[in-house]
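Only one structure is covered here, and it is reproduced in the block below.
The values are calculated or read from the model by the stated rules, or taken from the named source; none is laboratory data. Bear in mind that the values here come from a model prediction, so they are computed numbers and not experimental data. Cβ placement follows ideal geometry from the backbone for every residue including glycine, while neighbour counts extend to all protein chains displayed.
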Amino acid sequence: ADIISTQDHTVVEKEGYLLKAKIADGGKKLRKNWSTSWIVLTARKMEFYKESKQPALANLKPGYKPECVDLCGARIEWTSEKSSRKNVFQITTVSGNEFLLQSDIDFLILDWFHAIKNAIDRLPKE
Ligand code: I3P
């Protein structure tokens, strides 16, 4: 039987470390605070885990929930105005959450940009 379906929204498409700063929550501006985050991308969402040498362990403490970003209807765009850093793009969710993601490594940030953009483009806009 076909147990693993391409419709399975839990399949991890990409994961790794990036610098992350959440700059708005529900449309309300937040003070920018960059931190390293372990990011897991699936078809519909991204999860931001706290940095850890063993993310799988440290983040599995009872009660710990990663920050979850719904990609349905989200927007992604490069920005040079919102940070003095290079290679920064912004994700804006329907609910008005805004995240900046950054890496100094060009190919790495490009791979992430395209993976997230592809995921958004495949989803219904709602
Ligand atoms: C911010 C911090 C950020 C910086 C931000 C500063 O200061 O230095 O790293 O963003 O610049 O305001 P603080 O820690 O005192 O809040 P970038 O590194 O992305 O430039 P900004 O105000 O121009 O956004």
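Some values worked out for this structure:
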{"item": "Among residues of the stretch 70-94, those that are away from the ligand (no atom under 11 Å from the Cβ), surrounded by 14 or more Cβ atoms within 10 Å (Cβ to Cβ) and β-branched (Val, Ile, Thr), counted", "result": "4"}
{"item": "Qualifying position, being surrounded by 14 or more Cβ atoms within 10 Å (Cβ to Cβ), more than 12 Å from the ligand (Cβ to nearest atom) and at pLDDT 95 or above, among 121, 111", "result": "111"}
